[in-house]
Amino acid sequence: MEDGKSDADLVGEALSGRTGAYALLVHRWSARVLAVCHGRVGNASTAEDLAQETLLRALRSLGSIREPERFGSWVCGIATRTCLDWLKSKQRSEVSIDRVEAPADESRSHGEYADDSWDLLYQEIERLPTECRDVLMLYYYSNSTYQELGNMLGVSAATINARLTKARQLLRHRLGKVGS
């Protein structure tokens, strides 16, 4: 808590009309919200939109929070529901122009792919099973401990470790095939 106030204090202030308090909550929790969304939908740009939607929904529903000290878990729950709503909606079937792959150019040498390495990594992350992708994104976006992630996702720290290990193994395997 860089500002010295707890989530519960900031929720109380936001409910009393201090908009800066909600901005601090957003600053504190936006990386985790984005990680939850990215883990759920597997696409960075969609995740950003859904994270914004989540934070807006949270603001509108702030008066309904029962345990203000658990704001982080509450807003991550909203993120999960927002993503599930999106996944069930018609929007999921829409394909944006930037998601359409260009035809493969067989004449490219392996050296020319170096600039695309980050894109390739993100594509492979997006292909991971949801439970692995969720944990991986949360771990790297929010820099949380295994125990904190376990509490957030309702599983043990050992399960978090297993999922991260599986995600890393899958990425090594898939990226190893690309490089060969």
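The values are calculated or read from the model by the stated rules, or taken from the named source; none is laboratory data. Only a predicted model underlies this, so the values are computations on that prediction, with no experimental measurement involved. Here the Cβ positions follow ideal geometry from the backbone for every residue, glycine too, while neighbour counts run over all protein chains shown.
Would you mind stating whether Ser109 is more than 16 Å from the chain's Cα centre (by Cα) and modelled with pLDDT of 85 or more? Can you show your working first?
Working: more than 16 Å from the chain's Cα centre (by Cα): yes; modelled with pLDDT of 85 or more: no.
The answer is no for Ser109.
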- Going through region 140-175 one residue at a time, which ones are part of a helix (DSSP H, G or I), out of contact with any Cys (no Cβ under 7 Å at 6 or more places or on another chain) and touching a residue at least 60 places away in the same chain (Cβ under 8 Å)? Tyr140, Tyr141, Ser142, Asn151
- Those residues of region 136-154 that are in contact with a helix residue (DSSP H, G or I) (Cβ under 9 Å, 6 or more places away or on another chain) and surrounded by fewer than 16 Cβ atoms within 10 Å (Cβ to Cβ) come to a total of 4
- What about Trp86, is it farther than 18 Å from Tyr139 by Cα and crowded, with 17+ Cβ neighbours inside 10 Å? yes
- Taking region 1-34 and keeping residues under 24 Å from the mean Cα position of the chain (by Cα), surrounded by 14 or more Cβ atoms within 10 Å (Cβ to Cβ) and over 23 Å from Ala47 (Cβ atoms) leaves Ala8, Leu10, Val11, Ala21
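Quick grid of which residues meet (1) in contact (Cβ under 8 Å) with a residue 40 or more places away in the chain; (2) part of a loop (DSSP other than H, G, I, E, B); (3) more than 22 Å from Ile125 (Cα to Cα):
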position	(1), (2), (3)
Val11	yes, no, yes
Leu25	yes, no, yes
Ala35	yes, no, no
Leu50	no, no, no
